[in-house]
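The values are calculated or read from the model by the stated rules, or taken from the named source; none is laboratory data. What you are looking at is a predicted structure, and each value in this text was computed from that prediction instead of being measured. Ideal geometry is used to build each Cβ from the backbone, glycine not excepted, and the neighbour counts take in all protein chains shown. For the accessible areas, the whole protein counts, side chains as well, though only heavy atoms, and no ligand, DNA or RNA atoms are used. Shrake-Rupley method; radii C 1.70, N 1.55, O 1.52, S 1.80 Å.
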Amino acid sequence: MNGKFIDKLTDVALWLDRRLHLTKLWETTAGHHVPKSSGSWFYTFGSMTLLCFVIQIVTGIALALIYIPSAAEAYRSLEYLNYQQPLGWFLRALHYWGSLCMVVIMVLHMAQVFLWGAYKYPRELTWISGVVLLFLTLGLAFSGQVLRFDTDSYWGIGIGAAILGRIPFVGAQLVDVLLGGPIIGSDTLSRFFALHVFVLPGGLLALLSIHLRLVLSKGINEYPKPGVQVRRRTYDAEYEEMVHKDGVPFVPDAINKDLVANGILLVVMVLLAIFLGPNGPHTPGDPTQIISEAKPDYPFLWLLSAAALLPNGSEVMLFMVFPLIATIILFALPFISNEGEKSWRRRPIAVITVILVFLTVTMLTYAGLTGPWSPRMEAWTSDASKPEFIKARTPLELQGALVLQDKQCRNCHAIGGLGGQRGPDLSAVGTRLTAPQLVRQVIQGGGNMPAYGKNLSPEETRALVAYLVSLRPPNTAPAQEAIGPLKAQKEPTNKAAQADSTGSKSSKDLATTDQR
Amino acid sequence: MSSHESQQPPLGPEAKRYSTRRDFLLQLGVVLNTIAALMIGLPIVGFIFSTLIKRTPRVWVSLGPVSQYPEGVTRLKSYDTPYRRAVDGPTGIINCWVRRVTDDKFKIFAANCTHLGCPVRWFEESQLFLCPCHGGAFYADGEHAAGPPPRGLYEYDYKVEKGELMIKGGVLPTLANPG
């Protein structure tokens with residue numbers, strides 16, 4: 001009876017297999033043979049990126065059940081998700097941390113593929129489809145940030161529009177296409193919604209099938225041995241022999257490390273979501289709230305930092321020329337270096353490139369988090385004045401300290417480490433600049449400082465400069481003109497400098513440098 | 001196999017007649033489908049890029065009576081954008097900085113910094129507009145004072161009609177379309 005049943009079941013299975021060709025499908029996909037050496041921990045980033053994407057799709061579909069893509073409703077629907085919809089906060093958190101994981105792991109995957117030479121012959125298209133996948137993923141990260149529709153997202157679109165508006169000839173048209181209307185409004189949000197849930201994921205799925213198809217048809221890269229060269233004439237035969245002689249089926253023999261890595265990743269993502277929670281929404285995307293700073297999400301912070309740190313006027317370079325060159329290099333890479341050594345142990349320039357790129361992006365991201373180039377808008381009213389910068393000052397100098405406070409100097413200039421970081425810390429400015437130099441800097445501005453000539457009365461300027469000259473550590477001399485110690489000592493240049501006479505006389509030869 | 005299936009196309013002069021007919025149908029099919037694709041595709045492209053075909057112009061918007069703006073003072077003013085719809089929610093109300101220079105001379109600036117579009121803030125005491133993003137600074141008259149912005153603040157066209165201040169607004173200013 002039992003044996004008969006199993007026989008019947010086998011018959012059904014065989015019938016199904018003859019119709020659906022499942023065995024054949026298995027042999028050419030999950031069960032395909034891979035070089036034994038490719039079962040490495042370093043080769044798990046690809047499947048981890050895929051896992052992130054699957055999580056994004058599942059959580060994304062769930063969130064779309066509640067989210068309302070309208071400028072009037074989006075923010076409220078996110079608050080509803082956070083606070084009222086059961087587990088809404090968890091899915092939002094998982095979607096957010098999942099997106100970050102996806103970007104980070106995808107970049108790691110890319111670096112690994114680059115260092116292990118997997119982009120070389122015959123896997124050029126696998127690399128190129130991967131580059132397109134990276135762009136699509138970054139597009140998803142940006143459009144996802146827009147859907148949050150809080151302050152960061154509203155002004156983030158504004159920054160996007162301002163960047164497009166810099167493109168010559170077609171800038172205005174591109175801004176219109178981005179916004180879908182004359183201002184940032186509901187049409188803009190709908191546009192990004194369509195991109196985020198239809199266009200980009202659809203494109204990503206299409207590219208992903210090509211990417212995986214190429215991984216199957218061209219085979220996964222063997223773990224490169226230092227000294228073994230890739231040659232177009234011989235590689236295909238060598239690879240086939242390697243897989244034939246020393247190959248194992250991907251499932252079950254090579255998937256074990258992928259499974260472990262993905263299990264850990266899944267746990268990490270869930271823990272991140274539970275303990276760090278969803279990102280925002282922060283204050284609503286309301287343009288009448290003037291007190292707002294736009295900060296993009298992590299994947300784009302480094303660009304913001306670069307925009308702040310590069311010299312003025314290099315925006316066209318940063319936002320147009322650099323991405324163009326980077327894209328060309330990424331696409332051309334497998335053709336520029338198509339053959340030869342694969343192992344990173346014999347490719348020092350590749351290793352240095354990866355280290356430099358990672359260091360640059362990490363440091364810029366860190367700088368973006370602290371944002372020292374931004375004036376601290378509330379510093380002039382909220383930051384304390386330490387006693388050592390006030391004590392034992394003349395009435396004129398104290399008046400100057402008031403001018404410094406009232407004219408919001410501290411939004412850009414810290415004193416004793418308290419205040420903005422945009423300009424230099426003024427704690428010891430008296431040792432760097434002479435009174436006439438300070439007058440010139442305050443009145444005319446220069447560097448990144450506005451000119452205060454119109455906003456300060458001569459009395460205010462005199463008091464301010466007197467105070468600035470007094471800002472010196474104990475027992476240090478005031479700055480002197482670098483024209484010759486004796487001459488500078490003889491003629492104090494104005495009353496403000498005269499008022500300050502506490503400098504030691506023995507510092508005649510103290511040459512000072514102009515800080516600008 | 002039926003005899004019908006196994007029938008081979010005749011050779012010789014007959015073959016030409018067959019292939020011509022097949023070729024004709026193939027060509028007809030390609031042409032028909034191209035026309036159909038254009039008939040469907042062009043409206044879709046036109047729909048998506050409609051903002052390019054019919055670009056929205058700036059129009060006159062009221063900022064209220066001039067009497068609420070004291071001379072020599074810079075004030076923040078919000079206005080309903082002319083193209084506002086209910087779904088736009090809070091985004092349909094835009095800020096601008098209004099400075100009454102003298103009697104009927106005004107300077108009206110967009111809140112968007114000319115560097116990357118962040119909202120600039122006015123500081124009465126130092127008479128400066130400061131941008132929180134990258135530290136751009138502008139003087140009271142909108143001129144560039146310091147930092148990365150490539151030009152002064154964007155200014156709105158304005159007119160005073162029957163004691164009411166009007167500006168030409170409703171479009172996000174950018175370097176390509178400063179207004």
inquiry  = Please give the Cα centre distance for segment B:88-128 versus segment A:244-280, rounded to the nearest Å.
reply    = 51
remark   = Share of accessible surface on carbon and sulfur in segment A:221-345, whole %, 1.4 Å probe and ligands ignored, is 68
query = When only Cα pairs under 8 Å and 6 or more residues apart are kept, what is the percent relative contact order across segment A:156-261?
reply = 10
ask   = What number, rounded to the nearest 500 deg cm²/dmol, is the helix-based mean residue ellipticity at 222 nm of chain A, given -39500 (n - 2.57) per DSSP H run of at least four residues and division by all its residues?
value = -18000 deg cm²/dmol
task = May I ask you to find the residues of segment A:69-117 that are shielded by at least 40 Å² of accessible area once the whole protein assembly is considered instead of their isolated chain (probe 1.4 Å)?
result = A:72
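Would you work out if segment B:59-169 is rounded, prolate or oblate? Take a ≥ b ≥ c from the square roots of the eigenvalues of the alpha-carbon gyration tensor; rounded if a/c is under 1.5, else prolate when a/b is larger than b/c, oblate otherwise.
oblate
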ask   = Which angle between 0 and 90 degrees, to the nearest 10, do you get for helix A:124-147 versus the longest principal axis of chain A when only C-alpha atoms count?
value = 60
query = What spacing in nm lies between the two simple spin-label points modelled at residue B:124 and residue A:353, each 7 Å away from Cα in the Cβ direction?
reply = 5.8
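Find the relative contact order for chain A and round it to a whole percent, using C-alpha pairs within less than 8 Å whose residues are 6+ positions apart. Kindly include the intermediate steps, with their values, before the conclusion.
On the way: 649 pairs, mean separation 86.9, N = 516.
Relative contact order, chain A: 17 percent.
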remark   = Interface buried area A-B, accessible surface with 1.4 Å probe, both sides summed, nearest 100 Å², comes to 4800
remark   = Contact-by-burial set, segment A:294-337, min loss 40 Å², accessible area of protein heavy atoms with 1.4 Å probe, reference chain alone, gives A:312
ask   = With each pseudo-label sitting 7 Å past Cα toward Cβ, what's the residue A:209-residue A:41 distance in nm, one decimal?
value = 3.6
key: Tensor-based shape of the protein assembly as shown (alpha-carbon gyration tensor, a/c under 1.5 rounded, otherwise prolate or oblate)   = prolate
request  = May I ask you to compute the full-extension gain from residue A:314 to residue A:198, defined as 0.36 nm times their residue separation minus their alpha-carbon distance, rounded to one decimal in nm?
outcome  = 38.3 nm
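What FRET efficiency comes out for the pair residue A:225/residue A:325, r = Cβ-Cβ distance, R0 = 45 Å, nearest 0.05? List each step's numbers first, then the result.
On the way: r = 33 Å, r/R0 = 0.74.
FRET efficiency, residue A:225 to residue A:325: 0.85.
Where in chain B is the longest stretch that carries no trypsin sites (Lys or Arg not before Pro) classed as loop by DSSP and with at most 14 other Cβ atoms within 10 Å?
Values: sites that count: B:54, B:55, B:151, B:162.
After excluding every exposed loop site, the longest remaining stretch is B:56-150.
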remark   = Expressed in square angstrom to the nearest 10, the accessible area of residue A:42 with a 1.4 Å probe stands at 90
key: Gyration tensor (alpha-carbon) shape descriptor, segment B:118-179, a/c threshold 1.5   = oblate
task = State the cysteines of the protein assembly as shown left without a partner when partners are defined as other cysteines whose beta carbon lies under 4.7 Å away.
result = A:52, A:101, A:409, A:412, B:96
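Length gain on complete extension for the stretch residue A:398 to residue A:76, per 0.36 nm per residue less the alpha carbon to alpha carbon distance?
Values: separation 322, 0.36 × 322 = 115.92 nm, distance 5.03 nm.
The residue A:398-residue A:76 span can extend by a further 110.9 nm.
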inquiry  = Just want to confirm a number: the relative contact order over segment B:59-169, from Cα pairs under 8 angstrom separated by 6+ residues, in percent.
reply    = 27
inquiry  = I need the calculated FRET efficiency for the pair residue B:86 and residue B:55, taking r as the beta carbon distance and R₀ as 30 Å, to the nearest 0.05.
reply    = 0.85
task = Keeping all protein chains in place, calculate the accessible area per residue for the protein assembly as shown (probe 1.4 angstrom), answer in Å².
result = 52
query = Which is the longest run of chain B containing none of the GluC sites (Glu not before Pro) found in DSSP loop states (not H, G, I, E, B) with at most 15 other C-beta atoms within 10 Å?
reply = B:1-123
key: In nm, spacing of pseudo-spin labels at residue A:332 and residue A:58 (7 Å Cα→C-beta vector)   = 4.3
ask   = Which angle from 0 to 90°, rounded to the nearest 10, does the C-alpha axis of helix A:348-370 make with the longest principal axis of chain A?
value = 60
ask   = Using the alpha-carbon atoms, what tilt in degrees (0 to 90, nearest 10) does helix B:13-48 show relative to the longest principal axis of chain B?
value = 10
Interface residues in segment A:353-385 - accessible area drops by 10 Å² or more relative to the isolated chain, probe 1.4 Å = A:373, A:374, A:375, A:377, A:380
